[in-house]
Every structure is written in C-alpha cells, then in structure tokens.
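What follows is a short report on a single structure.
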Amino acid sequence: MHKLYLALLVFFIFFTAVIFGQDAGATNAGVAIYQVQAGDASNTTENGFITTPATREFISIYNNTDQEVDITDWCLLNKSDKSIICFNTPALNIYFHIPGYSYVTISSDNFASDHKYEPDFDYLTTNTVSGSIVASSDTIKLVDANGTSIDEISWSSSLSGGSLYQRNKEPLPSQKLIDTDSLTDFTKISLLVIPVNHTLQEFEVFDACKNISGIQLTVPYGYEVDNLGNCILPLADICSNLAGLQIALPVGYLLDENGDCQHDVCLNIDGLQLVTPDGMVSDDDGKCYTRPLPLRITEILPNPSGSDIGNEFIEIYNPNSVDIDLVVYGFYVGGDYDHKYTFAVGAHIGPGQYLAFYNDDIKFTLVNTASSVRLVALSNLLIDETIAYEDAGDGTTWALIDKTWQWTNQLTPNKINLPSLIEAKVDVIIPTLTLVPCKDGQYRSEETHRCRNIISDVADLVPCAEGQERNPATNRCRSIATAVLGDSTLKPCDPGQERNPETNRCRNIIATMPTADYAPEQVNVKNEDYTSWYIMGGLGLVAVGYAVWEWRVDFSRLFKKLFKIK
C-alpha cells in the first residue's frame, strides 16, 4: 500500500512538472522584444560631420496578446542596468497603451535623423562612439513601472555591421512571437525591416480621485469629491458632546465608554484619565509623573572673593532617605522665568546629602544686588524657593541656618551650614602685684622682694669681705655705698627701679598696696605681759637645740668647710 502511495506521489510530481514546464516555455502572453540593432553598416555624413554607425540603434517591442497593454513608465535597460529609454508620460493622467498584436518602435536620435524616420520614442546616445547598445556583448531588458522584468535578450556574438536579432514568429495564421526566454527564439539577420503598424496609443484618462493612488474612473462608494478634486469620506461629528463639528479626535481627548470625547489629563498613561491619579502630578504637556520628592535650597554664593566664574554656587539638600535623580528638576534665578537651568544628565543627590552646583558646570549668574533662586520640577512645579537677598557681601553666602535665611562668612559648600563668625574684642588686664607679709624672723629682699631669714647669732657670722659692711637690720653683708644721696655721678636707675635713700642703691619699684582715702589712726597698745614671749622663746630654743643635735654632723662639715679646717 505504501509503495502505491509513493508511486502516485511521484507520478503527480512528474505530471505537474511536465504541465508547468510546457507552460513556462510556451508563448508569453505579454509584451516581448522583437528587434535589436546595435548600429548601421557604414558611416554617414550629416552637415559635414561623420556619424558613426554604432550610434544608429534601433529596437522594437511587440504586444504578443490581443488586449491593450499599458506600458506607461516602462523602461529598456542595457546589461549595466543603465536606462536606454523610459516610456514616461508628460502628465499624470496621460497613459501609453500598445494595441493587441501591435509594435512600438524605439531608435536613437542618429538613426531617426539618418533614416528620416519618426519612431514612437527616440533617445540621445550617451556615447557618440559606442552608443547605448554594445554590439559585441550585451543584454537588453524590458521592465515595467515597478522594475519587474518583462522580457530580455542576451548575446555574446557581435551585432556589428548592421546585423540585428529578430524574434521568430509562430506559423501563420498565428500573430504571436515565439518566447521561450532563450536566444534560440531569435534569428540574426543583416537587413532591418521596420514594422509598419507601430500604433502606440496615447490617451488621457479622467481620474475621479486625485488623492487616491491609481486611476479612479468613478468616485468610490461612500466618498465625496471636494473642490480640489479629492475623494473624501462624508464628514461625521466624532464628538457629539462637544460644541462644533469634530471630524477627528481633538488632541488630548479620548472616547469614554459612552462614546463621548473626554479630556485625558495623562496622555502618557494608557486609558482615559479624567483626573490626575493619587501621588502623581501633571505637566503642561498633559503628561503625568510620580510627584517629585522635596528638595531644599540651603546655601548660595552670589559674590565670591575673586572671579565669579567657577566660584558662584547653589547648594541643595536632600532630606529624603532615598537617592534622587535630578533629571526632572531645574531652577530659575531672580525674576527671569524664561530661562530654566537644568542639571546635567545623570546628576543625582544622595539621602541626607548637601550638594553644591557651581556656575562653570551650569552656566548661571547670581547678581550681587538683589535676587533669589527657585527650585522647580517637571513643568515648573515649585519645590523650594529662597528668601530674596540684598547687597551680597564679598565672600559671604546667603544660607539657611536654623530655618532662617541669613548672611554668613563661613562658606560650607557640600556641608551643613554654620553661622557667621564674630571677632571679639579682648581687653588686656595687668594684674596688681600684692605681696604677702613676711613671717616673724624674716625680712623682704630689696632686689628679689622675697622673704629671707634674719641671722641673729652675730658671733657665728663670717666677717664681711672687703668693700662690704654688716647690715644692722639683717646681719647680712652688703656693699658699702661709695656715693652720697644726690651725688650727680651716680648712674641713673633702670626703668622700673628707684634709688634707695639709705643705701643709694637702685631697687625694683614694689607695686604699692591701695591706699585709703583717710590716714590710719595710731593706736598705742601697752602690753606688759611677757609670758607669751617666754613660752615662744623657750620653744624656739628647744627647736634650735633639736635641730643642732639632729644635723650636728652636717653643721660640723659646713663649719670645717667654711674655715678650711681639715
């Protein structure tokens, strides 16, 4: 059974191939090339000029059917696909038709002139030496207005000397040419016989609809013709709920479920949006976006120290917990609302970030006299605005500090703002020297103002050196004054010193204690009780004796050293 099916399939394929193969090689039912001549046999002289035979070319085509064929805008091409001639019409409504079993002749201008012949179409030879058809080897192709090949002939043997190819005809009484798409359909002959019934028809067709491609002999059903000759559909009011005639949906409108035209507030969102969705805002172009997150302007520098270019800045703060792309944000400076400054593509600000934008990246200018800055998003949705400032100081910024706009001399781009620094005036206070009274048994040194112990044991004192004397008040040795008070030979004391009236020595001036506005009253106290003195004297002797006993060895070494006793 399978073998039977296979045999039937093979027979069907073979039968189909035979039938269609015969049709492919049968007479073509369209237009065919009939004659091709590449040039005449000899030169001719015209007005004193020799015309080369290669430029006297001739072609004829034939309608191989009994029906008219429209050849408007068809072309003849050579092997380089270069156009020999195209059957173009002078107007859109004029067409070229070949009647059934009729010829159309085409020749070069030299052929028509030399032979005194008027073809249906003629063309200028682009090369006066070789013409448009190459005699040695060429391909002549006939294509329709869409560039589709209708017929062609190719040869590689010479057509020089006035020879030509002419297509063979079927036996009489048939009027058809043999067209099997082969060069064997042609015969090379040496004598050109120009067809006599070249009856190309040129006629004008009335196009009822100029705006519709092709020829419309009548107005299509349902159309109307306007005053320009265009066919249009009858006008219909699409929006019956709107005033006036609406032949098309107005811009920004959509049809609702009742067929009424409604304004769509969000053209960038699918479906009809009668109101702006929650959490979104609409711009002037009818587009809706997610509401931009708030940003704050926190600091601006209108008058930097030095050059303004590259130093003026506007600082923005992101109080949100997410990173924000600045693509939909921009700002205006002062009262100029015609120029909106936008941020660079890809600019963004992180959560909690202060970010300064300088005028060398964004070409803005901040005036020094009076101005402000407005931060906007989308179609001028106000996000934040500074309080207007006046008279910007050199090197000071207009900053938002503790929710108040104020000037500050602490510039903090990309950081939290700081208040202005105030230079405090510091008064230098020179303290008054107050001396503590010396203890009993001590005296104040005139040179150092320090308290020194009074030496009481005169017998144990070392004799003073030459030029010195014993001070009766302190038992210490001092230099003997060599000048008397008032002697003009004394060297003046240094600044801050005074002359001691007793010794004529210079001594440092001791800061005096404050004096009262009245003199102290002298009080004479007569004390006849000496008991306390006895007790203190006894205790002092005990202490001295204990000290002598305790440091007896040291005193012995000191005594030997002073008197050089071995």
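Taking the stated definitions as given, is SER149 surrounded by fewer than 17 Cβ atoms within 10 Å (Cβ to Cβ), closer than 24 Å to PHE111 by Cβ and hydroxyl-bearing (Ser, Thr, Tyr)? Can you show your working first?
Details: surrounded by fewer than 17 Cβ atoms within 10 Å (Cβ to Cβ): yes; closer than 24 Å to PHE111 by Cβ: no; hydroxyl-bearing (Ser, Thr, Tyr): yes.
No, not satisfied.
Residues in region 276-293: is at least one part of a loop (DSSP other than H, G, I, E, B), in contact (Cβ under 8 Å) with a residue 40 or more places away in the chain and in contact with a Phe, Trp or Tyr (Cβ under 8 Å, 6 or more places away or on another chain)?
Within region 276-293, one or more residues are part of a loop (DSSP other than H, G, I, E, B), in contact (Cβ under 8 Å) with a residue 40 or more places away in the chain and in contact with a Phe, Trp or Tyr (Cβ under 8 Å, 6 or more places away or on another chain).
Anything in region 385-406 that is surrounded by fewer than 16 Cβ atoms within 10 Å (Cβ to Cβ) and in a strand (DSSP E or B)? List them, or say none.
GLU385, GLU390, THR404
Is it the case, given these coordinates, that TYR165 is among the aromatic types (Phe, Trp, Tyr) and surrounded by 14 or more Cβ atoms within 10 Å (Cβ to Cβ)? Steps first, answer last, please.
Working: among the aromatic types (Phe, Trp, Tyr): yes; surrounded by 14 or more Cβ atoms within 10 Å (Cβ to Cβ): yes.
Yes.
Could you give me the residue pairs with C-beta distances under 6 Å whose first residue belongs to region 350-368 and is over 26 Å from ASP323 (Cβ atoms), whose second residue is outside any strand (DSSP E or B) wherever it lies, and which are 6+ apart or on separate chains?
So the pair list comes out as LEU366/PRO302; LEU366/GLU312; ASN368/PRO302; ASN368/ASN303; ASN368/ALA392.
Which of the residues that make up region 209-254 are surrounded by 14 or more Cβ atoms within 10 Å (Cβ to Cβ) and closer than 30 Å to VAL275 by Cβ?
Result: ILE238, CYS239, LEU242, GLN246, TYR253, LEU254.
Among the residues of region 304-339, which ones are touching a residue at least 60 places away in the same chain (Cβ under 8 Å) and farther than 18 Å from LEU418 by Cα?
If we filter region 304-339 for residues that are touching a residue at least 60 places away in the same chain (Cβ under 8 Å), which is where we start, we get 304-305, 313, 315.
If the condition is that a residue be touching a residue at least 60 places away in the same chain (Cβ under 8 Å) and farther than 18 Å from LEU418 by Cα, then SER305 is the only one that fits.
Quick test for you: out of ILE140, ILE178, pick the one residue that is farther than 15 Å from ILE85 by Cβ and out of contact with any Pro (no Cβ under 9 Å at 6 or more places or on another chain).
None of the others qualify; the one that does is ILE178.
Are any residues in region 158-189 of a type in the set (Ser, Thr, Tyr), more than 15 Å from THR139 (Cα to Cα) and without any contact (Cβ under 8 Å) to a residue 40 or more places away in the chain, and if so, which ones?
SER174, THR187
Please report, ordered by residue number, the strands (runs of 3 or more DSSP E) entirely within region 133-173 with at least 2 residues that are closer than 30 Å to LEU92 by Cβ.
138-143, 149-155
Going through region 144-192 one residue at a time, which ones are touching a Lys or Arg at 6+ places or on another chain (Cβ under 8 Å) and basic (Lys, Arg)?
Residues satisfying the conditions are LYS169, LYS176.
Is there a residue being basic (Lys, Arg) and either under 19 Å from ILE61 (Cβ atoms) or touching a Ser or Thr at 6+ places or on another chain (Cβ under 6 Å) (or both) anywhere in region 205-212?
In the first step, residues of region 205-212 are kept if they are basic (Lys, Arg); the result is 210.
Filter again for either under 19 Å from ILE61 (Cβ atoms) or touching a Ser or Thr at 6+ places or on another chain (Cβ under 6 Å) (or both), leaving none.
No, there is no match, as no residue in region 205-212 is basic (Lys, Arg) and either under 19 Å from ILE61 (Cβ atoms) or touching a Ser or Thr at 6+ places or on another chain (Cβ under 6 Å) (or both).
I need the strands (runs of 3 or more DSSP E) fully contained in region 59-108, keeping only those with at least 1 residues that are closer than 24 Å to ALA208 by Cα. Don't jump to the end; show me each part of the working.
Values: elements: 75-77, 83-86, 94-98, 103-108.
Ranges flagged: 94-98.
Give me the strands (runs of 3 or more DSSP E) completely within region 329-379, filtered to those with at least 3 residues that are assigned by TED's automatic domain parsing to the domain that holds THR396 and either surrounded by fewer than 19 Cβ atoms within 10 Å (Cβ to Cβ) or not aromatic (Phe, Trp, Tyr) (or both), ordered by residue number.
Hits in region 329-379: 354-358, 373-377.
Do you know which of the residues in region 115-151 that are acidic (Asp, Glu) and in contact with a Leu (Cβ under 7 Å, 6 or more places away or on another chain) is nearest to THR55 (Cα to Cα)? Explain how you work it out, then say what you get.
Our first condition is that a residue be acidic (Asp, Glu); within region 115-151, this holds for 118, 120, 122, 138, 144, 151.
Filter again for in contact with a Leu (Cβ under 7 Å, 6 or more places away or on another chain), leaving 120, 151.
Working: ASP120: 18, ASP151: 23 Å.
Checking each candidate, the answer is ASP120.
Within region 294-303, is even one residue assigned to a loop (DSSP other than H, G, I, E, B) and more than 23 Å from LEU326 (Cβ to Cβ)?
First pass over region 294-303, keeping only residues assigned to a loop (DSSP other than H, G, I, E, B): 294-295, 302-303.
Of the ones still in play, those that are also more than 23 Å from LEU326 (Cβ to Cβ) are 303.
Scanning region 294-303, I find at least one residue that is assigned to a loop (DSSP other than H, G, I, E, B) and more than 23 Å from LEU326 (Cβ to Cβ), so the answer is yes.
Can you find a residue in region 207-214 that is among the β-branched types (Val, Ile, Thr), assigned to a loop (DSSP other than H, G, I, E, B) and under 56 Å from the mean Cα position of the chain (by Cα)?
yes
Scanning for something under 19 Å from ASN168 (Cβ atoms), small (Gly, Ala, Ser), more than 51 Å from the chain's Cα centre (by Cα) and part of a loop (DSSP other than H, G, I, E, B), does region 182-200 turn up at least one residue?
Checking region 182-200: at least one residue is under 19 Å from ASN168 (Cβ atoms), small (Gly, Ala, Ser), more than 51 Å from the chain's Cα centre (by Cα) and part of a loop (DSSP other than H, G, I, E, B).
Identify, from the list ALA54, ALA112, the residue that is free of Cβ contacts under 8 Å to residues at least 60 places away in the same chain and either touching a Leu at 6+ places or on another chain (Cβ under 9 Å) or not in a loop (DSSP other than H, G, I, E, B) (or both).
None of the others qualify; the one that does is ALA112.
Go through (1) modelled with pLDDT of 90 or more; (2) surrounded by 14 or more Cβ atoms within 10 Å (Cβ to Cβ) for ILE309 and report which single condition fails.
Among (1) modelled with pLDDT of 90 or more; (2) surrounded by 14 or more Cβ atoms within 10 Å (Cβ to Cβ), the lone unmet condition for ILE309 is (2).
The values are calculated or read from the model by the stated rules, or taken from the named source; none is laboratory data. Source: prediction; values computed, not measured. Virtual Cβ from ideal backbone geometry, glycine too; neighbours counted across all protein chains shown.
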